[in-house]
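Peer 1: Can you keep this structure in mind? I'll have questions shortly.
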Amino acid sequence: MARTAVWRAALGVIAFAMISIAPASAVPAVKQITLGAMSVSPMQLTVKTGETVEWINKDVVDHTSTEKKAAIWNVSIAPGKSAKVVMKKAGTFDYYCRYHPNMVAKVIVR
Amino acid sequence: MQVRFGLIAGAACLVAMPAMAQNTKPNDAQIAHIAYTAGALDVEAGKQALAISKNPEIRAFAEQMVKDHSAVNDQALALVKKLKVTPEDNATSKALSAQAAAKRAELARLTGAAFDKAYVANEIAFHKTVNGALSTTLIPSASNGELKSLLQTGLKLFEGHQLHAEHTAKAAN
């Protein structure tokens, strides 16, 4: 009897853990882009609407991620820091670093 | 590095580049010195602009030049220390510094829009010249892999600055 109770309790804990974990998979993913050695990697990234893009600056100089056409996003990223943007609108977006305009890349939002 | 920046492309091509071309290719110690000198000269140019200019676009650009080149030169110093290379003064570094002193004196006589225009034009020319030297002489001549890699990153930085200077020139006019 006591052993059955223990098993029930254990199953309860496992079920609770599964329920707790389940909503995490529903959170939109964060996709990362690295700024390093004055280059952007990857140079093209495809994400879904609502997903987050995170730029990580591994250089010793400041960078920005600035959407080219209408500055839909424009974030500054200090050395060793990162910045996130939620991609709310579908489309193809070219972006660049305002300080180093030769650093150009693309985010495609589907 | 006490020398203030003021190199123009034509002068650099006539003075600095032949100084390298006449000799055999520069060694790593000389390359490190030239690259560091170029960065330090642009830091000094930025400081001069910050002391004279009141134009927000020019000041923002100058601040970025000071920050970027100081950071990259710190990285370069750390690398030469690690490699146990002592940067070696040479004809090219001397020519760059001499041209810088002359240009600095010329810019110091200007104020307002005249200074802003001359400063940013000089920045475009300077970065163009250094880009040429990096891609045709310094990077191909570097024998140490880490130094070569840092120079390649430096080239991308200078190319970025040249473009930024061109944008700043348009915005400031």
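The values are calculated or read from the model by the stated rules, or taken from the named source; none is laboratory data. Fair warning: this is a prediction, and the values are worked out from it, not measured in the lab. Methodologically, a virtual Cβ is constructed for each residue, glycine included, from the backbone with ideal geometry; neighbour enumeration extends over all protein chains shown.
Peer 1: Take B:Lys81 and decide whether it is basic (Lys, Arg), exposed (fewer than 15 other Cβ atoms within 10 Å of the Cβ) and part of a helix (DSSP H, G or I).
Peer 2: On the way: basic (Lys, Arg): yes; exposed (fewer than 15 other Cβ atoms within 10 Å of the Cβ): yes; part of a helix (DSSP H, G or I): yes.
Here the answer is yes, as B:Lys81 does meet what is asked.
Residue by residue, here is whether (1) more than 19 Å from A:Gln44 (Cβ to Cβ); (2) free of Cβ contacts under 8 Å to residues at least 12 places away in the same chain; (3) more than 17 Å from the chain's Cα centre (by Cα) holds:
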{"residue": "A:Ser65", "(1), (2), (3)": "no, no, no"}
{"residue": "A:Lys69", "(1), (2), (3)": "no, no, yes"}
{"residue": "A:Trp73", "(1), (2), (3)": "no, no, no"}
{"residue": "A:Pro79", "(1), (2), (3)": "yes, no, yes"}
{"residue": "A:Lys84", "(1), (2), (3)": "no, no, no"}
{"residue": "A:Lys88", "(1), (2), (3)": "yes, no, no"}
{"residue": "A:Phe93", "(1), (2), (3)": "no, no, no"}
{"residue": "A:Tyr99", "(1), (2), (3)": "yes, no, yes"}
{"residue": "A:Met103", "(1), (2), (3)": "no, no, yes"}
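Peer 1: Are there any strands (runs of 3 or more DSSP E) wholly within region A:42-110 with 3 or more residues that are within 14 Å of chain B (Cβ to nearest Cβ), and if so which?
Peer 2: Values: elements: A:44-47, A:52-57, A:63-67, A:74-77, A:82-86, A:91-96, A:104-109.
Qualifying strands (runs of 3 or more DSSP E): A:63-67.
Peer 1: Checking the condition farther than 17 Å from B:Leu163 by Cβ and either modelled with pLDDT of 95 or more or outside any loop (DSSP other than H, G, I, E, B) (or both), which residue from B:Gln99, B:Gln64 passes?
Peer 2: Details: B:Gln64 fails: farther than 17 Å from B:Leu163 by Cβ.
After ruling out the rest, the residue left standing is B:Gln99.
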